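This report concerns only the one structure given below.
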Amino acid sequence: MIHATKGIVLRTVKYGDTSVITTVYTELFGVQSYIVKGVRQSSKTSAGKAVYFQPAAILEMEVYHNELKQLQFVKEFQWAYLYERLLFDVMRNAVAMYVIELLQHSLKQPEANPELFYLIEDTLKQLDKGSDTLVANLPLYFILHLGSELGFQMQGTYHAQTPVLDLQEGIFIREKPAHPYYIESRLAEVAGQLLSLQFYNDLDHISLNRQIRRELLQAFQTYIALHVADFGEMRSLGVLQEVLN
């Protein structure tokens, strides 16, 4: 059957002489792999169409879907959102590629999760149009909410009685745990602030120096890796940390 769905491109590789295979996080079906025929041809009808399938692209698609097959087909596609700055601004693009790689490592099953789809879509749109401060803080906000959507939301709040954030258990606690996966003091306080935010625009009011942001990014990534089997190594983390400096 043919279905209309939004999709966010996670990865694309060449297939044959003129086509691509693309991995897309779709609103209806979760993670799916598609063959897109002819988009690498040099004809008038196909020239430039491969650009639609660059990572982070947000598309409207008509797709063939068969639950018994691992590789599906795309019938039609067009932009669902056309970026103004994300693809050309170094900092915004670095954050976007980090978000996309984080998803590549975290999404292990194909099941649909519309709330997660909307989180990813909104995050990429905010990266495109938000202030520089919002963009710099957005990876931290996204990781925390990604954890929530994947089923391991952090619990509790930061205050004098619970000044330590246990990354392994995902909870604010009174004393340091026996394992090394925790943050405390200013890092735990900022984590508590980020967890309390309701809107993206609130990120404009979180002022962090580069060292705090760098350490928190590493800590939050550790938090995800502790809860996702076979998470693997993130190549874009070092790039993002340098850009955010």
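The values are calculated or read from the model by the stated rules, or taken from the named source; none is laboratory data. Note that the structure is predicted; figures quoted are calculated from it, not measured. Cβ sites come from the backbone with ideal geometry, for glycine too, and all protein chains shown count toward neighbours. Calculation scope for accessible area: heavy atoms of the full protein, side chains included, ligands and nucleic acids excluded. Shrake-Rupley method; radii C 1.70, N 1.55, O 1.52, S 1.80 Å.
Helical content of the chain, expressed as a calculated mean residue ellipticity at 222 nm, amounts to -12000 deg cm²/dmol (DSSP H runs of 4 or more residues, -39,500 (n - 2.57) each, divided by residue number, nearest 500).
Rolling a 1.4 angstrom probe over the chain with all protein chains present gives an accessible area of which 48% lies on carbon and sulfur atoms.
Consider a paramagnetic label point 7 Å from the Cα of Tyr81 along Cα→Cβ; state which residues of region 4-26 have an amide N under 13 Å from it. Output list for this probe position: 6-9.
For Val31, the residues whose amide H sits under 5 Å from its own are Thr26, Glu111, ignoring neighbours fewer than 5 places away on the same chain, with H placed 1.01 Å from N.
Rounded, prolate or oblate: which fits region 15-94, taking a ≥ b ≥ c as square roots of the Cα gyration tensor eigenvalues, rounded meaning a/c under 1.5, else prolate when a/b beats b/c? In terms of gyration-tensor shape, oblate. Among the listed pairs Lys14/Lys129; Lys108/Lys176; Lys49/Lys125, those with a Cα-Cα distance over 26 Å are Lys14/Lys129; Lys108/Lys176.
Here's how it looks for Ala57: its modeled amide H is under 5 Å from those of Val9, which are all 5 or more places away or on a different chain.
Shape analysis of the chain places it in the prolate category; the axes a ≥ b ≥ c from the Cα gyration tensor give an a/c of at least 1.5, with a/b above b/c. Using Cα pairs closer than 8 Å and at least 6 residues apart in sequence, work out the relative contact order for the chain, in percent. The value is 16 percent. Can you classify region 137-180 as rounded, prolate or oblate using the Cα gyration tensor, where a ≥ b ≥ c are the square roots of its eigenvalues, rounded means a/c under 1.5, and otherwise it's prolate if a/b beats b/c and oblate if not? Prolate shape, in that a/c is at least 1.5 and a/b is the bigger ratio.
Scoring 6-16, 231-241 by mean Cβ neighbours within 10 Å over their residues and listing the highest first yields 6-16, 231-241. For the chain, a Gaussian network of Cα nodes joined below 10 Å ranks Leu194, Leu71, Leu140 by mean-square fluctuation, and the top entry is Leu71. Each residue, Ile21 and Gln153, gets one label point 7 Å from its Cα in the Cβ direction; the gap between the two is 3.7 nm.
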